[in-house]
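Enquirer: This is the structure I have questions about; it appears just below.
The values are calculated or read from the model by the stated rules, or taken from the named source; none is laboratory data. Because the structure is predicted, anything quoted here is derived from the model rather than measured. Cβ: placed from backbone, ideal geometry, glycine included. Neighbour counts: every protein chain shown.
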Amino acid sequence: LYRFPLLPVRGIPLMNHIANSWDTIWAFRPDPSDILIATYPKSGTTWTQEIVDLLLHNGDADACKRAPTPERSPFLEIVSPPPIPSGIDLMKNMDPPRIIKTHLPFQLVPPAFWENKCKTIYVARNAKDNMVSYYHFACMSKTHPEPGPWEGYISKFMRGELAWGSWYDHVKGYWKEREKRNILYLFYEDMKENPRCEVERIMNYLDLSLSDEVISRIVELTSFEIMKENPMANYSCIPTHVFDNSISPFMRKGQVGDWRNHFTPEQSKMFAEDYDKKMKDVNIPFRTLI
Ligand code: A3P
């Protein structure tokens, strides 16, 4: 679990314990009512999990405080290692509709999700902020290899040598499949700019209809400021030797544009040139500066 090197599964670098349980993960059979939240790490997963859970519970904060996030909405691909609870085990005792999260790229999602037409919400975040957030997370999370210095981390990100592989392939993989698979494709920046609008989109996608008042409450309860202080949503449940919040809190800044505090102008230019090449075959409407 701790700082182990990554192991490839079909060419995608994954955490050791995930690669070692791959057959179990690939064979997983969801229920058709299961809701999948898929993301590249650090693009707004926890935020979306909290929104969906509150929507399913009509905005009842107590219902969503019944357990910490990883237990209310387990990781599909975390099969064994304590202290993060094993996702597949947790799911056995959950009432439908279950909220399942995954960071797997599209091609590694167990095919039964598509056979069963499970609702799937994908959240994408602009590459530079996503990378900054992932860098700080890799510093504090002992479940990831050491990120090393920032300069080298940019290269690793560009080469897709981080857990769950290439950001570029990840956002493109789900984008290309979104119509065929009826995937709701959201952007972190839209959620920041107009959270109510995005909460309503998720509500409609899930065939729910809540009152204006409840929607307002959900928007408030899922603001960065409230979630940061919510022990059931801020990952303070994970012991310090696994997630060291004193190095960087899990709920770090929750902003758009923090990349400006990290990239030098030269790094930004070099990154942009490479980005244009990698992203030229798709037209995904990332609204912020790459
Ligand atoms: P930063 O590191 O930029 O602060 P994930 O849940 O996918 O791991 O993503 C974590 C990122 O989302 C962190 O970004 C975290 O602060 C941010 N985040 C979590 N909850 C949020 C919220 N309610 N509003 C905005 N950002 C949030």
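Enquirer: With surrounded by fewer than 24 Cβ atoms within 10 Å (Cβ to Cβ), under 14 Å from the mean Cα position of the chain (by Cα) and at pLDDT 95 or above as the only criterion, which of Pro41, Pro70 stands out?
Expert: On the way: Pro70 fails: at pLDDT 95 or above.
So the residue among Pro41, Pro70 that is surrounded by fewer than 24 Cβ atoms within 10 Å (Cβ to Cβ), under 14 Å from the mean Cα position of the chain (by Cα) and at pLDDT 95 or above is Pro41.
Enquirer: Looking at the range 227-247, which of its residues are of a type in the set (Val, Ile, Thr) and either surrounded by fewer than 17 Cβ atoms within 10 Å (Cβ to Cβ) or within 14 Å of the ligand (Cβ to nearest atom) (or both)?
Expert: Once the filter is applied, which keeps residues that are of a type in the set (Val, Ile, Thr) and either surrounded by fewer than 17 Cβ atoms within 10 Å (Cβ to Cβ) or within 14 Å of the ligand (Cβ to nearest atom) (or both), the range 227-247 yields Ile238, Thr240, Ile247.
Enquirer: In addition: Taking the options Asp53, Asp60, name whichever one is modelled with pLDDT of 95 or more, among the charged types (D, E, K, R) and within 15 Å of the ligand (Cβ to nearest atom). Walk me through it before giving the result.
Expert: Values: Asp60 fails: within 15 Å of the ligand (Cβ to nearest atom).
Testing whether each residue is modelled with pLDDT of 95 or more, among the charged types (D, E, K, R) and within 15 Å of the ligand (Cβ to nearest atom) leaves just Asp53.
Enquirer: If you check Phe224, Phe250, which single one turns out to be within 8 Å of the ligand (Cβ to nearest atom), hydrophobic (A, V, I, L, M, F, W, C), surrounded by fewer than 17 Cβ atoms within 10 Å (Cβ to Cβ) and within 18 Å of the chain's Cα centre (by Cα)? Step through it out loud before you land on a result.
Expert: Working: Phe250 fails: surrounded by fewer than 17 Cβ atoms within 10 Å (Cβ to Cβ).
Answer to the selection: Phe224.
Enquirer: For the range 94-137, which positions are within 17 Å of Ile35 (Cβ to Cβ), more than 16 Å from the ligand (Cβ to nearest atom) and of a type in the set (S, T, N, Q)? Reasoning before the result, please.
Expert: First, the residues of the range 94-137 that are within 17 Å of Ile35 (Cβ to Cβ): 94-104, 106, 109-110, 112-123.
Next cut, more than 16 Å from the ligand (Cβ to nearest atom) only: 94-98, 106, 109-110, 112-119.
Selection gives Asn116 alone.
Enquirer: For the range 1-14, enumerate the residues that are over 17 Å from Gly148 (Cα atoms) and either free of Cβ contacts under 8 Å to residues at least 24 places away in the same chain or in a loop (DSSP other than H, G, I, E, B) (or both).
Expert: Correct list: Leu1, Leu7, Pro8, Arg10, Gly11.
Enquirer: Which of the residues belonging to the range 119-139 are touching a Ser or Thr at 6+ places or on another chain (Cβ under 8 Å) and either in a loop (DSSP other than H, G, I, E, B) or surrounded by fewer than 22 Cβ atoms within 10 Å (Cβ to Cβ) (or both)?
Expert: Arg125, Asn126, His136, Phe137, Cys139
Enquirer: Tell me whether the range 172-186 contains one or more residues that are within 16 Å of the ligand (Cβ to nearest atom), in a loop (DSSP other than H, G, I, E, B) and in contact with a strand residue (DSSP E or B) (Cβ under 7 Å, 6 or more places away or on another chain).
Expert: No: zero hits.
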